[in-house]
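Worksheet for the structure shown next.
The values are calculated or read from the model by the stated rules, or taken from the named source; none is laboratory data. Since this is a predicted model, take the numbers as computed values, not measurements. Cβ placement follows ideal geometry from the backbone for every residue including glycine, while neighbour counts extend to all protein chains displayed. The accessibility values were calculated without ligands, DNA or RNA, using every heavy atom of the protein model including side chains. Shrake-Rupley method; radii C 1.70, N 1.55, O 1.52, S 1.80 Å.
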Amino acid sequence: MPPTPLDPTTFASHQLTLLTHEHESSLAQTTSLTSTLSPKVLQLRGLALLNLVLLNTRTGLGGKTVLELGPDPALTAKDAEGEAAGLGEHGIRVGDLCGIAALPKGGEKKAEKKEAEGKGVRGVVTRVRRGEVWVALDAERDGQDDRVPGEGGERVWLLKLDNSAPHNRLTHTMTLLSSLPSSQRTPLVDILLGSSSPSPVPPPIDPDPSPLLGPLNPSQRQAVHHALSSREISIIHGPPGTGKTQTLIVLIQLLLQQNQRILVCGPSNISVDNLVERLGSALKEDNKKVPMIRLGHPARLLPGVLNYSLEVLSRSSDAADILSDVRSELDAKAKSLSKTRSGRERRAVYAELNILRKVFRERERRVVGDLVREARVVFSTLHGAGGSALAHEAFDVLVIDEAAQALEAQCWVPVLIVGKTKGGVGRMVLAGDDKQLGPTIMSTGSGKKDGLKKGTGSKENGAAKNAEAPTANGATEELKSFNVTDNKGTKLPSLETPLFTRLLALHGPGIKTLLNIQYRMHATISAFPSAALYNDELQPDPS
């Protein structure tokens, strides 16, 4: 029986409604704290740092200004050895989005405080040390009134913020899907929507298997074969301890031997970095040099993968020299601002900085473009794959690890945005386990949308009347349920339904391979999860 296709417009509109409601719930939690609590209380809760001063400025990736902040020495306590106590206990971490503004004075009125905060800046935390925190600014100064907080010697405070960029990219992706003409759909998109069925995978016939398959067990070998032979979609179901990561590393190596270009994604930085480290080690053991690159803000990457990041590669590549001289000049000009007092001089420095940043970004764009084009394997988070670096790059295979932990909308980002002018991605491999943790959902209701209804028995041509009561993990039964339909009775997935699960329900077990040998638990312990979750198919390794 052929699958029931999803209407892309209805499906995308439903996802947009749920995503918007989820984002509003997250914003409400942050806003309720920042709007009602004083800076001092926010610091006690680990959300802010007070009494900071600007120590230095420098130029980072993309020509962005990096502020180096530290506690005001005049207010910093000394420890038993007479050294400054540093920043103290706090919850600011590398990768956090934050705002920096002049510290409000005790006698300031509310209007004055808001005005001061309005002159603040936003950025991403790139480094946290005992007595320093570095922030790369999102926007650059371009005039004399855009003085960075702290540039005049005044004390500032840093506040952790909610990041709207991922939500904006997801809504952009779903908007693209809702208006995607059928003539522009790739075979993969039709498979994901259920408009067509996946091609059958032939049985393995290779009498001389690759030595890379030697360490793998039969189910792992079958998963690799299925992923190599599939024309559109393949799912590797890897319960804990079954060697999913090792299977993916072998798969990627074999794809490279077939001269395939691969985009590897995951819902989180840690899921991607784990694969970068493992593949880098495997290639090094085989004495193979494969151009590979890790996209993403270096502040959010593990130390072990920084050598594959754009920032490091752009500094160490053959073309790095064309950037170093401009970067040095930018740093020197930025530092001179703190010593420039007159408006005329500051305007002149800002004008020079703008010209230098434009030159730097243009040169860096060429360097980054060359690095990405030469890479045979590109790693990125699902959200990061929607950036400009991959807009004109095509890939033979898209591999998504921990796919069952990703929102479905996240998985559509590399499918719809990557390589729009070059054919995008050819086929997809999803790896994960939908019997474990699913996507993290913060909202306690699904929102409302005209034309959608909950349950097949409702006679209302509109939204569900009421949101269901929250479940233990903060989601509602409405968000968790498959039983949300459009006017034609087609079931629409909730936010908690990952693409991994929906495709299995849509196309059946023929697109999946279960890794059935687990190496982590004793047979007595593994018997229960095997029976309860995996139909007694999960077996312990005899050793």
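Structure above, values below:
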| read-out | value |
| --- | --- |
| Odd one out for GLY280, checked against (1) in a helix (DSSP H, G or I); (2) open to solvent by 30 Å² or more (accessible area, probe 1.4 Å) | (2) |
| Residues satisfying the stated conditions in segment 391-407, i.e. open to solvent by less than 30 Å² (accessible area, probe 1.4 Å) and either within 12 Å of LEU248 (Cα to Cα) or of a type in the set (A, V, I, L, M) (or both) | ALA391, VAL397, LEU398, VAL399, ILE400, ASP401, ALA403, ALA404, ALA406, LEU407 |
| Residue in segment 113-156 that is modelled with the lowest pLDDT, counting only those that are open to solvent by 90 Å² or more (accessible area, probe 1.4 Å) and more than 31 Å from the chain's Cα centre (by Cα) | ASP145 |
| Condition met for TYR308 (among the aromatic types (Phe, Trp, Tyr), open to solvent by 20 Å² or more (accessible area, probe 1.4 Å) and either within 23 Å of LEU390 (Cα to Cα) or modelled with pLDDT under 85 (or both)) | yes |
| Sole residue being touching a helix residue (DSSP H, G or I) at 6+ places or on another chain (Cβ under 8 Å) and open to solvent by 50 Å² or more (accessible area, probe 1.4 Å), chosen from LEU33, LEU27, LEU50, LEU44 | LEU33 |
| Residue that is modelled with the lowest pLDDT [pool: residues in segment 272-303 that are under 14 Å from the mean Cα position of the chain (by Cα) and small (Gly, Ala, Ser)] | ALA299 |
| Which numbered condition LEU255 misses (of (1) more than 10 Å from LEU515 (Cα to Cα); (2) surrounded by fewer than 18 Cβ atoms within 10 Å (Cβ to Cβ)) | (2) |
| Among (1) part of a helix (DSSP H, G or I); (2) modelled with pLDDT of 90 or more - the single one ALA74 does not satisfy | (2) |
| Segment 496-531 - residue that is within 29 Å of LEU16 (Cβ to Cβ) and of a type in the set (A, V, I, L, M) and, of those, surrounded by the fewest Cβ atoms within 10 Å (Cβ to Cβ) | ALA505 |
| Test: residue in segment 324-345 that is among the basic types (Lys, Arg), out of contact with any Asp or Glu (no Cβ under 7 Å at 6 or more places or on another chain) and not in a helix (DSSP H, G or I) | yes |
| In segment 258-271, residue most open to solvent (accessible area, probe 1.4 Å) [restricted to those that are modelled with pLDDT under 95 and closer than 21 Å to GLU311 by Cβ] | ILE270 |
| Single unsatisfied condition, ALA223 versus (1) open to solvent by 40 Å² or more (accessible area, probe 1.4 Å); (2) small (Gly, Ala, Ser); (3) over 21 Å from the mean Cα position of the chain (by Cα) | (1) |
| Whichever residue in segment 190-220 is closer than 19 Å to LEU503 by Cα and in a loop (DSSP other than H, G, I, E, B) and, among such residues, is most open to solvent (accessible area, probe 1.4 Å) | PRO200 |
